[in-house]
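Enquirer: For reference, the structure I am asking about is given below.
No value in this document is a laboratory result; all are computed from the given coordinates. Since the structure is predicted, the reported quantities are computational estimates derived from the model, not experimental observations. Using ideal geometry, Cβ is built from the backbone for each residue, glycine included, and neighbour counts are taken over all protein chains shown.
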Amino acid sequence: MRNRISGKIKAIEGAVIVFFSIILLYLLLSLYFINHFFLGTTINGVNVSLKSRRAAEGMLMDHVQEYSLTLIERNGKKELITGRQIGLRLNESINIGEIFRLQNQLLWPVMLFKRSDYNIRDLILYDEALLRERIDQLDCLNKAVIEPRDVSFVYKNGVYIMQKEAAGNKLNKERLNELIYKSIQAGNAELDLEKEDCYYKPRFTHKDKKAQDSLNTLNKYVSAWIKYKFENRYELVDGNVISRWLIVDDKLDVSINRKAVRDYIKWLANKYDTVGISRSFKSSTGRTIEVTGGLYGWKIDQEAEIKALIKNIEQAVKIIKEPVYEQKAVSRGEDDIGNSYIEINITRQYLWFYKDGRCIVQGAVVTGNPNRGNATVTGTYFVVYKEKDAVLTGPGYEAKVSYWMPFFGNMGLHDARWRSAFGGEIYKRNGTHGCVNAPVGLAKKIFENIKEGIPVIIYEEKTEQ
């Protein structure tokens with residue numbers, strides 16, 4: 001029993017000794033860390049673990065004297081900025097011992113597993129002028145600048161293909177300067193320009209969803225196929241044409257150049273519109289007359305067709321179509337007048353009406369008085385509409401007519417019951433205000449056989465010398 005008690009006492013004594021030894025060691029190390037840095041402590045990039053202030057200052061001094069910053073550039077090239085080149089030195093007025101106040105020496109066991117990185121502002125000094133000069137001398141800032149290029153699109157063999165972006169070598173000098181300053185202050189040995197985003201980058205690359213969406217849109221648009229039909233003549237708008245109208249802006253948004261489409265439709269109208277053109281007309285007297293001007297003919301509705309064409313492209317339509325017309329003629333052949341028309345010879349004061357190639361009625365008429373500024377217009381027009389029992393009014397007159405067929409504003413063909421004679425030289429002394437007066441029977445025959453849109457050709461014959 002006595003031995004057992006004695007054993008227990010010795011065990012307790014041993015435990016007490018170990019406990020107080022640990023406490024003593026803990027206190028001794030706590031005293032040690034009053035003027036020594038914790039394990040894992042760095043100051044401006046220099047590892048000062050377990051070092052006293054004096055030793056740490058010596059290490060910082062050595063670091064400054066031997067310091068160099070390696071710039072790792074995009075092409076793998078490296079450039080150095082050495083401490084000597086920029087007048088690097090330690091700011092001895094800063095007391096690094098102040099860090100000890102931040103250390104709670106009683107917590108040193110915890111700090112065995114932690115890092116303490118201190119970056120003391122202005123601890124490392126340099127000559128700013130020398131640093132700027134050295135930066136300006138860097139090869140990476142003095143080589144020929146290649147701008148970064150976004151992904152782009154090229155039309156080839158009927159489709160668009162993606163042209164990959166180009167990285168270039170243009171540096172963001174402002175960011176480079178900032179990072180160099182910070183690296184020197186922090187005592188960093190390397191600065192990777194690529195990793196630190198010092199280079200200007202393409203905004204869009206071939207991997208971006210936006211680029212693929214734009215490519216799909218471009219190829220959708222150039223797959224459209226619009227064939228304009230002008231009787232036996234055609235104009236094709238396919239990918240080869242459309243590709244010249246497509247715009248990809250700096251946000252990779254695809255649009256159709258409305259001005260280019262407008263220019264194309266204008267070209268189409270200039271080529272195929274016939275309103276006002278000069279026509280060689282074989283007159284009823286056997287002479288060929290050049291008739292210029294008037295309102296008759298084909299006329300594309302340019303604004304409507306611009307909208308239609310853009311919509312066709314956007315919807316990738318494949319179609320053979322006529323353009324949207326503001327006005328149509330009766331034929332699309334070389335002679336768009338056709339074989340049904342009214343022919344009025346002002347010089348002879350005579351009218352012929354042809355229907356389906358046959359003259360069904362003709363006779364003398366009276367046209368506008370040229371001596372009073374009321375000459376009947378010349379050119380190729382068309383019957384706008386026809387109206388029975390109309391009342392015609394104008395400055396100083398009112399006339400009731402049975403058959404009214406206007407062809408140019410308030411100017412038209414109608415009967416004139418008040419006249420007893422037609423033809424000859426009457427129009428020069430007692431002509432109309434511009435209308436074409438016809439005997440009742442002539443006007444009636446024309447009225448009964450004519451339709452809206454039938455051409456009206458009005459001309460003067462040049463008298464032979």
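Enquirer: Name the residue from S183, I360, T376 whose Cα lies farthest towards the positive end of the charge dipole of the chain, charges +1 on Cβ of Lys and Arg and -1 on Cβ of Asp and Glu.
Expert: I360
Enquirer: Give the label of the value calculated from the structure for semi-axes √(5λ) of the Cα gyration tensor in Å, choosing from (i) 36, 24, 21; (ii) 42, 30, 21; (iii) 105, 26, 21.
Expert: Answer label, from the structure shown: (iii).
Enquirer: Taking the 0 to 90 degree range and rounding to the nearest ten, how far is the long axis of helix 2-32 tilted relative to the main principal axis of the chain, both from C-alpha atoms?
Expert: Long axis of 2-32 versus the principal axis of the chain: about 60 degrees.
Enquirer: Output the 0 to 90 degree angle, nearest 10, between the alpha-carbon long axis of helix 209-222 and the longest principal axis computed from the alpha carbons of the chain.
Expert: 20 degrees
Enquirer: I would also like to ask the following. As a test, work out the antiparallel percent of DSSP beta bridges whose residues both lie in the chain, rounded to the nearest 5.
Expert: On the way: 58 of 77 bridges.
Of all bridge pairs located within the chain, approximately 75 percent are antiparallel.
Enquirer: Starting from the Cα-Cα distance between K77 and S223, subtract it from 0.36 nm times their residue separation and give me the gain in nm to one decimal.
Expert: Working: separation 146, 0.36 × 146 = 52.56 nm, distance 4.69 nm.
Length gained, K77 through S223: 47.9 nm.
Enquirer: Give me the number: length gained by fully extending D263 to N47, i.e. 0.36 nm times residue separation minus the C-alpha to C-alpha distance, one decimal in nm. Please list the in-between numbers first.
Expert: Working: separation 216, 0.36 × 216 = 77.76 nm, distance 7.27 nm.
Here the answer is 70.5 nm.
Enquirer: Using R₀ = 35 Å, calculate the FRET efficiency as 1/(1 + (r/R₀)^6) where r is the Cβ-Cβ separation of R132 and D208; round to 0.05. Please report the intermediate quantities before stating the final value.
Expert: Details: r = 37 Å, r/R0 = 1.06.
Efficiency at R0 = 35 Å is approximately 0.40.
Enquirer: Also, quick follow-up: Taking only Cα atoms, what is the 0 to 90° angle, nearest 10, from helix 173-186's long axis to the longest principal axis of the chain?
Expert: 10 degrees
Enquirer: A follow-up question, please. Applying 1/(1 + (r/R0)^6) with R0 = 45 Å to the Cβ-Cβ distance of D335 and R429, what FRET efficiency is obtained, to the nearest 0.05? Walk me through the numbers on the way to the answer.
Expert: Numbers: r = 36 Å, r/R0 = 0.81.
So the FRET efficiency works out to roughly 0.80.
Enquirer: Lysines near K451 by alpha-carbon distance under 17 Å, same-chain residues fewer than 8 away left out - which ones?
Expert: List returned: K328, K355, K386, K388.
Enquirer: Which of the lysines could be linked to K318 by a straight reach, that is with a Cα gap under 21 Å, when you skip same-chain ones fewer than 8 residues away?
Expert: Result set, ordered by chain and number: K156, K220, K227, K229, K307.
Enquirer: Using helices alone, what [θ] at 222 nm do you get for the chain, with -39,500 (n - 2.57) per DSSP H run of 4 or more residues, divided over all residues and rounded to the nearest 500? Could you put the intermediate results ahead of the total?
Expert: Details: 12 runs with 137 residues, N = 465.
The helix contribution divided over the chain gives -9000 deg cm²/dmol.
Enquirer: Please give the peptides 279-286, 261-268 ranked by average Cβ packing (other Cβ atoms within 10 Å per residue), highest first, as a rough proxy for protection. Please report the intermediate quantities before stating the final value.
Expert: Working: 279-286: 14.1, 261-268: 17.0.
Output ranking for 279-286, 261-268: 261-268, 279-286.
Enquirer: Could you name the aspartates and glutamates whose alpha carbon sits less than 13 Å from that of K251, not counting residues in the same chain fewer than 8 places away?
Expert: Cross-link targets: D150, D208, D213.
Enquirer: Continuing with the same structure: Order by neighbour count: F407, F204, fewest other Cβ atoms within 10 Å first, most last. Mind showing how you got there, number by number?
Expert: Values: F407 27, F204 19.
Lowest count first: F204, F407.
Enquirer: Just order 311-319, 191-199 by mean Cβ neighbour count inside 10 Å, highest at the front, would you? The partial results should precede the final answer.
Expert: Numbers: 311-319: 14.4, 191-199: 16.1.
Final packing ranking: 191-199, 311-319.
Enquirer: What nm distance separates the two modelled labels at R348 and E196, each placed 7 Å from Cα along Cα→Cβ?
Expert: Inter-label distance under the simple model: 9.7 nm.
Enquirer: Sticking with this structure for a sec: Provide the FRET efficiency to the nearest 0.05 for the S21-A189 pair, computing r from the beta carbons and using R0 = 30 Å.
Expert: Working: r = 43 Å, r/R0 = 1.43.
In this case the efficiency is close to 0.10.
Enquirer: Once you list every other residue whose beta carbon is under 15 Å from the beta carbon of D415, what net charge do they have if Lys and Arg are +1 and Asp and Glu are -1? Display every interim value, and only then the final one.
Expert: Working: positive: K386, K388, K400, R417, R419, K444, K445; negative: E387, D389, E448.
Residues near D415 contribute +4 overall.
Enquirer: Check which residues have an amide H placed less than 5 Å from V159's amide H, if you skip close sequence neighbours.
Expert: none
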